[in-house]
Amino acid sequence: MSQLPEDVQIRPARSNRARPTARLAVAWAVFFAYVLVIEAWIGWAALIAPWQSLHPGQVALAVFLFLLSYAVRAQRLYDYLRDAMRGRWLVALRLMVIHNALNNLLPMRSGELSFPLLAKRYFALDYGRSVPALLWFRLLDLQTIATIGGTVLVSEAWSWQLAILIAVPCSLLPAVVFTVRNGLRKRVEGWHEGKLSLLTLTVLDGLPQNVQQFVRSWLLTWANWLLKLLVLAWLLMQFVEIDNLGAVMGAIGGELTSVLPIHAPAGVGTYETGIVAAILPFGASVKSALEAAVNTHLFVLGATLASAGAALLIPAPSARRLGE
């Protein structure tokens, strides 16, 4: 297995401090501009008023299903690193929820760094193991959401039959990579050394070690995204008049912005832009689309903060203390 230089993967280079500082300043500027623009154009009081018309039971069910998706992701993590996490599922849940919160709230995707750091603290996992696992999860997430989005678009533009014909081979891509990983690794090892070859080897090293483990991580990824997108699509439909396909595309548009390297604190602005851009083709006005996007984002942020606060109550002694 290839070794990851810990100073490269976990700490930013010292020679480029000015650039991250400038990006951070821009991110915070976008955040405050977002707050002011919403107040000037719509008004925050008017924006959140539609929540009063929603049935409390429906909202409670949406919250439950959304948080259930967090538990599914925690199970994926626990199952994938079972030998290191055995018997500590709740700690794995704490790690996943805190990492998710930091990733959502901190600017510039800096929250991703919390995963290997917390994995090392709680489970004594080396970065050479936790970083490849994180990359594998991220690739699975991206491939799954892209497959769902592509299926919806093709079905809307042409037919469900064609969408299924395209979706099946696309959904099987991770299985193909898993099957041919040894051959791919030999080819990559023949490349010139560089960041691309190191990243590719890291991803290949992060692949599951056996078929059973691969299938479980694959199925849990699909379960997580189907739950999450179902909730977000339902929420969007409560705030803007669009059909089911438009709502799903809106949810996907917002979630896809999570892969952007530049975003404001808590993803404000970018998340809404993704949703609005995705649902405008389905007949929504810009204002109604923005209102729906902001309210959906508020729901996501509320769930993120609430779950993170609850996760902090889970006892999590460090791996060093456990070994004493």
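The values are calculated or read from the model by the stated rules, or taken from the named source; none is laboratory data. Because the structure is a prediction, the values reported are computed rather than measured. Cβ placement follows ideal geometry from the backbone for every residue including glycine, while neighbour counts extend to all protein chains displayed.
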**Complete:** region 56-120: helices (runs of 4 or more DSSP H) wholly inside it with 3 or more residues that are of a type in the set (Asp, Glu), over 25 Å from Met237 (Cα atoms) and in contact with a His (Cβ under 9 Å, 6 or more places away or on another chain) are none
**Considering residues of region 87-109 that are touching a residue at least 60 places away in the same chain (Cβ under 8 Å) and among the basic types (Lys, Arg) only, the residue farthest from Gln75 (Cα to Cα)** = Arg109
**Asked** What are the residue pairs meeting all of these: first residue in region 53-81, first residue within 17 Å of Asn295 (Cβ to Cβ), second residue small (Gly, Ala, Ser), Cβ atoms under 6 Å, and 6 or more apart or on different chains?
**Response** Phe66/Ala303
**Message:** Looking at Arg181, Arg216, Arg185, can you tell me which residue is modelled with pLDDT of 75 or more and among the charged types (D, E, K, R)?
**Reply:** Arg216
**Prompt:** Would you say Pro169 is buried (at least 17 other Cβ atoms within 10 Å of the Cβ), of a type outside the set (Asp, Glu) and assigned to a helix (DSSP H, G or I)?
**Reply:** no
**Request:** Scan region 210-243 residue by residue and report those that are of a type outside the set (A, V, I, L, M, F, W, C), outside any helix (DSSP H, G or I) and either crowded, with 20+ Cβ neighbours inside 10 Å or in contact (Cβ under 8 Å) with a residue 40 or more places away in the chain (or both).
**Result:** Glu241
**Asked** Just checking, how many residues over region 201-213 are at pLDDT 75 or above and either of a type in the set (S, T, N, Q) or over 23 Å from the mean Cα position of the chain (by Cα) (or both)?
**Response** 5
